[in-house]
Structures are given as C-alpha cells and as structure tokens.
1. Any idea how many residues of the stretch 36-53 are part of a helix (DSSP H, G or I), surrounded by 10 or more Cβ atoms within 10 Å (Cβ to Cβ) and of a type outside the set (Gly, Ala, Ser)?
2. I'd like the full set of residues that are crowded, with 24+ Cβ neighbours inside 10 Å and part of a helix (DSSP H, G or I), limited to the stretch 72-87.
3. Of the numbered conditions (1) under 17 Å from Asn111 (Cβ atoms); (2) surrounded by fewer than 20 Cβ atoms within 10 Å (Cβ to Cβ), Ala11 satisfies every one except a single condition; which is it?
4. Could you say which residue among Val68, Val20, Val62, Val7 is assigned to a strand (DSSP E or B) and either touching a helix residue (DSSP H, G or I) at 6+ places or on another chain (Cβ under 9 Å) or farther than 30 Å from Lys190 by Cα (or both)?
5. With (1) under 29 Å from Glu120 (Cβ atoms); (2) without any contact (Cβ under 8 Å) to a residue 12 or more places away in the chain; (3) of a type in the set (A, V, I, L, M, F, W, C) as the list, and Leu60 as the residue in question, which single condition is left unmet?
6. Residue pairs, Cβ under 6 Å, 6 or more apart or interchain, first in the stretch 234-251 and touching a residue at least 40 places away in the same chain (Cβ under 8 Å) and under 15 Å from Arg131 (Cα atoms), second part of a loop (DSSP other than H, G, I, E, B) and of a type in the set (A, V, I, L, M, F, W, C). List them.
7. Going by what's in this entry, would Asp61 be described as more than 29 Å from Asn177 (Cα to Cα), in contact with a Lys or Arg (Cβ under 6 Å, 6 or more places away or on another chain) and not β-branched (Val, Ile, Thr)?
Amino acid sequence: MARKVAVVTGANKGLGFAIVKGLCEKFDGKVYLTARNDDRAAGALAKLNDLGLQPAYHRLDVTDEENVKEFASYIKTKHGGFDVLVNNAAILEWDEVYPSYETARRNIEANYKSLLKIEEHLFPLLRDGARVVNISSSCGHLSNLKKKQWIDTLIKPDLTTREINEFVDGYLESVKNGTFDKNDFADDGKHAEHRVAKIAVTALTMVQQRKYKNIIINAVHPGHIITDMANGSGKIDPDEAAKVVLYLILEASPNLKGTFMWYNRKLVDWFDTEGDYYCKDIW
C-alpha cells in the first residue's frame, strides 16, 4: 500500500508552519512543507529538525502555473498520488486599506486564483478519500458582502466556478475603472480585495465538493492569527489556530464535507448574510 502523503502550501511560517509541525507529529505518512522561497523554507526546516521532525520540502509558488505543474509531476513520479492538501498560501498588503488595482489583483491571484491552478494540476493526483482544507477567514463569510446582485449569484445551489470568477473579476474591474463602491461591503469596504478573495475561496470549496465526490473538501476560518500578515494584531497563536485544521484532516467524520468551519469547530451558516460573521479585525 502506498505511503500516505500530505502537502501544505505557504508553510515556511505562521499557520502553514504550525500545520506542518502538527502533521509531522500526528500524521502517519510523509509531510511536504512547500514554500516559494528556498531560503525561508530552509530556516523553517531547520527549526522543525531541531524539534526532531523531518518534513520533506519542495519549492511551490502557487501563483506560477509552470511551478505548480512541475510540483504535480514530482508528486506523481515520486508517490503516484497524495492524500492531504492544505491550501494555506496567502498574502495581504497591509498598508493599502483601499488598494490599487495592481495590489488587488496580486491579492486575488495569490489567495484565490492560485487554487484554480492547484485544482487543475494537483486534484487529479488526490487519492480516494483524500482530505482538502482551504484556508479561508472571517473575510470569507458571505456577510462581508452587501451588494444584492453578488449575493444572489453566490447563494445559488448550482453556483459554478465561472460565476465565482465573474464576481471576482467584476470587483477588480470596479477598482480599475474607479467605480468601486465601499457600500457594497461590510465595514466600510476596508480591504475589500481580501474579502473578495476569501469569499471566492469559501464558495469554491462548495463548488469543488459537488464536483469531486470521492474526496473531502472543507473551508475553515482558523481565527485571527498572530502573524506577519496580520501586522502583529492577531489574537490566536498559530499552533492553537492549526488545531482546527488538524482536526479536519485527522479526526473529523468523512461525512463532514463542503462546509465552512469556524476556529472553534462551529459549523457556520455561510449563507447567513445578516449574521455577525464579517471581518472586523484585520487592521
């Protein structure tokens, strides 16, 4: 029987690093720490080695399709397939509360559109029963949106990836042409680019689960984590935040799929647009 294999993206620090550490301690199989920067990854690996943990490493820039294809080829050749995927890689350009078009585009490319590349090239390698966790956030709850047209599309039971892309690209076009309206979002539209990207991630999770019935796919808000990306304003230690992700990978029922789980393991109603779930704490 092939040895089980787990892959964590964006894992050289913060939540990704904590997930790799937890998997090395508890997962019965090989764990890949992936990151786009070899030097930073080397530092992370050294820290884990000092703890007696031995993850494997492969460079993976999730925004670079050729690199994603190269990594997929490596996994296929080396292992034939794999069993766990944590889509954690993400960025937030903290200083631009109302970002330029280029900043918004970079955020969405890294935080959402990279998942489409991963789906195309890595999902075919996921073995039956594999578990996928897409890291979302409170920004990824539908209550972050106020524009009825967008909401009506995203709550459709037959929502498609194409429609999610149209929502994302419509937002980007509004930034580009100067028609962006902060009233289309909760909290005065602060960091709308991050809200759009993470809403798209959560919506994509549900679309993917309908498409891939042989694997288990969930989205999670791991809490407001103390990381560089949060500019030091976080409230939850990465090791603590990793617990809910590790739960979904290692313990949760295989019948739990296509859900949006909060950091306290509560299953949140993503469609509750009037709920008090929108992001208020990333600035």
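What follows is calculated from the coordinates using simple rules that are stated; it is not laboratory data. The structure presented is a predicted model; accordingly, all values stated were derived computationally and were not measured. Counting neighbours? That spans all protein chains shown, and the Cβs are built from the backbone with ideal geometry, glycine included.
1. 6
2. Passing the criteria: none in range.
3. Failed condition: (2).
4. Numbers: Val68 fails: assigned to a strand (DSSP E or B); Val20 fails: assigned to a strand (DSSP E or B); Val62 fails: assigned to a strand (DSSP E or B).
Being assigned to a strand (DSSP E or B) and either touching a helix residue (DSSP H, G or I) at 6+ places or on another chain (Cβ under 9 Å) or farther than 30 Å from Lys190 by Cα (or both) holds for just one of Val68, Val20, Val62, Val7, which is Val7.
5. In the conditions (1) under 29 Å from Glu120 (Cβ atoms); (2) without any contact (Cβ under 8 Å) to a residue 12 or more places away in the chain; (3) of a type in the set (A, V, I, L, M, F, W, C), Leu60 misses (2) alone.
6. If the second residue must be part of a loop (DSSP other than H, G, I, E, B) and of a type in the set (A, V, I, L, M, F, W, C), no pairs are left.
7. Working: more than 29 Å from Asn177 (Cα to Cα): yes; in contact with a Lys or Arg (Cβ under 6 Å, 6 or more places away or on another chain): yes; not β-branched (Val, Ile, Thr): yes.
The answer is yes for Asp61.
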